[in-house]
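The values are calculated or read from the model by the stated rules, or taken from the named source; none is laboratory data. All of these numbers come straight from a predicted model, not from anything done at the bench. Here Cβ is always computed from backbone atoms with ideal geometry, including for glycine, and neighbour counts include all displayed protein chains.
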Amino acid sequence: MTSESPAKFAIGRVHLNPSPINPNWILDGNPVSCNKVLSSSADGTASTVIWDCTAGRFNWFYGIDETLYVIEGSVVIKDVTGVARRLGVGDMVYFPAGSHAEWSVEDYVRKVAFCRASLPRPLVFAKRGYRLLKRVLGRGGDKDVVSAMFSAD
C-alpha cells in the first residue's frame with residue numbers, strides 16, 4: 001500500500017489563475033494579477049495563497065489578516081500615514097483586517113500570503129470554553145468540573 005504525502009512543494013512552478021484587481025482600486029497603469037490557493041484550514045479561517053502582479057499602482061483593502069512574504073520582484077507599499085517602504089525578495093509584512101495600503105509595482109511582484117479570517121467573538125469564547133471543558137474532563141473524571149474550571153493551572 002502506498003500513500004501520498006500531504007505536503008506539496010515547488011511554489012515557483014504553481015500555475016496561477018486570473019484574479020483581477022478591483023477596477024475601482026487601480027490608480028495608474030494596467031496591473032494584471034493572478035493567484036492560487038495553496039492550502040486552507042479545515043474550519044475555513046486560514047489559507048495560504050500565492051499571488052503575483054505586473055506593473056501598476058493600486059489601493060488594496062484588507063478584509064482579513066494577511067502576512068505576506070515576497071518571493072520574487074519588488075513593490076513599494078505606502079501606508080495610510082503616507083510612509084512608503086520598498087519590499088523585495090525575502091521581506092515580510094503584516095496587514096491586519098480593516099487596513100489598506102497603496103501598492104506600486106514597478107515591474108513584477110510575487111508573494112506568498114498567509115491569510116486568516118477572525119472568528120466572531122461569541123464563537124471564540126465558545127471555542128475556548130469547549131477546549132477548557134475538554135481539558136478539565138480529560139484530567140481524571142472525578143474532579144468537580146466547576147471548581148477545576150476556576151482553579152489556576
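Below is a table of values for the structure above.
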quantity	calculated
Residue check, Asp52 at pLDDT 95 or above and assigned by TED's automatic domain parsing to the domain that holds Val109	yes
Residue within the stretch 92-100 that is under 28 Å from Trp25 (Cα atoms) and touching a Pro at 6+ places or on another chain (Cβ under 8 Å) present	no
Pair list, Cβ < 8 Å and 6+ apart or interchain, from the stretch 87-106 residues that are on the phi > 0 side of the Ramachandran plot to residues that are crowded, with 18+ Cβ neighbours inside 10 Å	Gly90/Val70
Filter result (buried (at least 18 other Cβ atoms within 10 Å of the Cβ) and of a type in the set (Val, Ile, Thr)) within the stretch 47-57	Val49, Ile50
Qualifying positions in the stretch 107-153 - at pLDDT 80 or above and acidic (Asp, Glu)	Asp107
Identity of the residue in the stretch 46-77, under 19 Å from the mean Cα position of the chain (by Cα) and among the charged types (D, E, K, R), that ends up farthest from Ala113 (Cα to Cα)	Glu72
The stretch 16-43: number of residues that are part of a loop (DSSP other than H, G, I, E, B) and among the charged types (D, E, K, R)	1
Scan of the stretch 44-77 for residues that are outside any strand (DSSP E or B) and without any contact (Cβ under 8 Å) to a residue 60 or more places away in the chain, ordered by number	Tyr62, Gly63, Ile64
Scan of the stretch 89-126 for residues that are farther than 16 Å from Ala46 by Cα and part of a helix (DSSP H, G or I), ordered by number	Arg121, Pro122, Phe125, Ala126
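Let's see how each residue does on (1) surrounded by 13 or more Cβ atoms within 10 Å (Cβ to Cβ); (2) closer than 16 Å to Val14 by Cβ; (3) of a type in the set (A, V, I, L, M):
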| site | (1), (2), (3) |
| --- | --- |
| Ala42 | no, no, yes |
| Asn59 | yes, no, no |
| Asp65 | yes, no, no |
| Val75 | yes, no, yes |
| Tyr94 | no, no, no |
| Ala101 | yes, no, yes |
